[in-house]
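The values are calculated or read from the model by the stated rules, or taken from the named source; none is laboratory data. The structure displayed is predicted, hence computed values, not measured ones. Cβ coordinates were reconstructed from backbone atoms using ideal geometry, including for glycine residues, and neighbour counts include every protein chain displayed.
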Amino acid sequence: MVNDKMVNSFDLALQRSKYKHLSDEEWRWFLQQVEGRERTADKLPTFASFPGWWYPVRLSCEQCSSELAAKYKAEIVNGKCPNGKCPNGKCLDLTGGYGVDTYFLSENFAHTDYVEQNAELCRIATHNFANKPIAIHNSSAEEFLASAGQYDLIFLDPARRDSHGGKVFRLEDCTPNVMELLPTLLAHLTENGRILLKLSPMLDLTQAILHLTPYTVHLSWDIYVVAIKNEVKELLLLSGGTGQITAIDLDKKDQSFTFTREEESNSVSGLTAQAVCQCNGLSGKAGLYLYEPSSAILKAGAYKLIAERFHFLKLDVNTHLYASDTLIPNFPGRVWRITEKQDLKQANILCRNYPLTPDQLKKKLHLRDGGTAFVIGCRVAGKPTLFFAERV
């Protein structure tokens, strides 16, 4: 029904008269399929390549994991299973949705149970997964667990909207309530089984771990902060780990940054703002390099440790910008070279821990947006400072 040469969904919606042989219900389904493939072809290329694949409504397409992120989940689970994959193991996805994560996680296991309350999503999953070892269950997570067996992996991606459609972030406000469900989940794990949670990128990681600890005292969670094109998309918690944190951008997997909270706490590099004070005329020292870590690293909270590992100067305790007099290759983030002060008419404005907003600074300097030059406002050892710079 849906192919690459088909007219786009917007134009197609205006051509109802050409499809009089379709009932209104068939017509809506037809439009849904065209729009679904249109919206997800880049995000889910594997599904787009399957003839006869069914697509759910727009919201489900928008909220589902990308193929990159789903494959990464399968990768980290694969790496934690004894002897690699779990060829005889069982996986349980308690929040099936469109089934993107279910599909790719299932490739590590002999059998996977997909659980979803929405009957229409279950109907679509039944069609799409007809040739996969995935059983479809139209049920709530709580109802299914009442008679479930044991699993090597239990995955949850709780819905982050309340009964009125508003967004929520705290674990206890999501559906299902992970906090209440955790003791039950533990009872359904095999001896070496694991729980994988996908959480809101807005969630505070420290608070999430603190909230989970009373329910899972004997567990240690590995944390994965997952970004795509420098935008944090997912926070993943995998039980049975060592407490390590991995910040990764899936477009630059070779630049992942792994650490522990203890390493960050014990790092003294966060005090190097005093050393910055001793740098003669840092704000006017052309040739220095400025570094801003990726969004994943900043979300993970490696503010001091990254300075220690890369031998940077941290500009201020609360300014997460760093400086060095030599260019550090393969840095996981953005890099600028400081230039001499310029009489600019146009520039890109960035403010980091600075008393003015970008718009306010732009107005003060009488600048238009754009061009290749950058003006970066930040605090250096407590002092508001402007850098003129260019991207490296």
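Say we look at segment 343-358 and pick out the residues that are assigned to a strand (DSSP E or B) and in contact with a Lys or Arg (Cβ under 7 Å, 6 or more places away or on another chain); which of these is nearest to F257 (Cα to Cα)?
I349
When you check L22 against the structure, is it at pLDDT 80 or above, of a type in the set (A, V, I, L, M, F, W, C), crowded, with 19+ Cβ neighbours inside 10 Å and on the phi < 0 side of the Ramachandran plot, yes or no?
no
Tell me which residues, restricted to segment 113-164, are under 27 Å from the mean Cα position of the chain (by Cα), within 24 Å of Q33 (Cβ to Cβ) and of a type in the set (V, I, T).
I124, I134, I136
Residue check, H320 against (1) touching a residue at least 60 places away in the same chain (Cβ under 8 Å); (2) buried (at least 19 other Cβ atoms within 10 Å of the Cβ); (3) within 29 Å of I248 (Cβ to Cβ), all met but one. Which one?
Looking at each condition in turn, H320 falls short on (1).
I'd like the residue in segment 87-104 that is surrounded by fewer than 24 Cβ atoms within 10 Å (Cβ to Cβ) and touching a strand residue (DSSP E or B) at 6+ places or on another chain (Cβ under 7 Å) and, out of all such residues, is modelled with the lowest pLDDT.
Across segment 87-104, the extreme among qualifying residues is P87.
Those residues that are modelled with pLDDT under 95, in a loop (DSSP other than H, G, I, E, B) and within 16 Å of the chain's Cα centre (by Cα), I need them from segment 231-255; list them, please.
D251, K252
Could you tell me how many of the residues in segment 90-122 are of a type in the set (A, V, I, L, M) and either free of Cβ contacts under 8 Å to residues at least 12 places away in the same chain or closer than 13 Å to H137 by Cβ (or both)?
Total satisfying the criteria: 5.
So which residues in segment 222-243 are aliphatic (A, V, I, L, M) and within 14 Å of L205 (Cα to Cα), if there are any at all?
The answer is I223, V225, V226, V232, L235, L236, L237, L238.
Would you check which residues across segment 327-342 are in a loop (DSSP other than H, G, I, E, B) and either buried (at least 17 other Cβ atoms within 10 Å of the Cβ) or touching a Leu at 6+ places or on another chain (Cβ under 9 Å) (or both) and list them?
Within segment 327-342, F331, P332, K341 meet the criteria.
Select from segment 265-299 the residues that are modelled with pLDDT of 95 or more and assigned to a helix (DSSP H, G or I) and write down the one among them that is surrounded by the most Cβ atoms within 10 Å (Cβ to Cβ).
Looking at residues that are modelled with pLDDT of 95 or more and assigned to a helix (DSSP H, G or I), I get A296.
So for segment 371-379 (the condition being surrounded by fewer than 16 Cβ atoms within 10 Å (Cβ to Cβ) and not in a strand (DSSP E or B)), does at least one residue qualify?
Checking segment 371-379: not a single residue is surrounded by fewer than 16 Cβ atoms within 10 Å (Cβ to Cβ) and not in a strand (DSSP E or B).
How many of the residues making up segment 98-112 are closer than 21 Å to G36 by Cα and not hydroxyl-bearing (S, T, Y)?
Qualifying residue count for the region: 4.
Within segment 142-152, how many residues are without any contact (Cβ under 8 Å) to a residue 12 or more places away in the chain and either part of a loop (DSSP other than H, G, I, E, B) or in the same structural domain as G52 (by TED's automatic domain parsing) (or both)?
Residues meeting the conditions: 2.
Inside segment 15-48, can you point out the residues that are closer than 18 Å to A69 by Cβ and outside any helix (DSSP H, G or I)?
A41, D42, K43, L44
Given the conditions (1) more than 18 Å from G96 (Cβ to Cβ); (2) modelled with pLDDT of 85 or more; (3) among the basic types (K, R), report the number of the one that K132 does not fulfil.
Answer for K132: the failing condition is (1).
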